[in-house]
Amino acid sequence: MAWLLVVVAGLLETGFAVCLKLSHGFTRLFPTVAFAAFALASFGLLTLSLRKLDVGPAYAVWTGIGAAGTAIYGMVFLGDLVSALKIVSISLVIIGVVGLQLSGSTH
């Protein structure tokens, strides 16, 4: 259950990163409010998961999901540059996240 919280928190991290961009420096109301809601929910779920998980792997998974998700969202929906190197790099982040989770570092 704790890992599920980390995964959902990572997806919410993607949401807050995208809303941060869409807020244009906190000058647009809806993306700014959405950013705050996503950020609070993401940090809240991560905090709950850390009751049962080691901080290093949990934080790495949270950050990896957020980083990969944000990069993918940007390429698919925001017109960010798509390149082979970017796709390989995102794949390496995901492989690293899976490796950390498989390392058996939970209590």
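Every number in this text was worked out from the coordinates using simple rules, so none of it is lab data. Everything quoted here is computed from the prediction, not taken from an experiment. Positions of Cβ are backbone-derived with ideal geometry, glycine not excepted, and every protein chain shown enters the neighbour counts.
Build a GNM of the chain with springs between Cα atoms under 10 Å apart, and of ALA71, ALA36, ALA17 the one that fluctuates most is ALA36.
Computed from Cα atoms, the angle from the helix 2-22 axis to the main principal axis of the chain rounds to 20 degrees.
Which residue, GLY56, GLY25, GLY96, tops the fluctuation ranking in a GNM of the chain built on C-alpha contacts under 10 Å? Greatest mean-square fluctuation among the candidates belongs to GLY25.
Which percent of Cα pairs goes in each bin when the distances of region 36-95 are cut into 10 angstrom slices starting at zero? Going out from 0 Å in 10 Å bins, region 36-95 shows 21, 41, 29, 8 percent.
Relative to the longest principal axis of the Cα atoms of the chain, the long axis of helix 84-102 makes an angle of roughly 30 degrees.
Each Lys and Arg adds +1 at its Cβ and each Asp and Glu adds -1 at its Cβ; summed about the Cα centre, the chain shows a dipole of about 100 debye.
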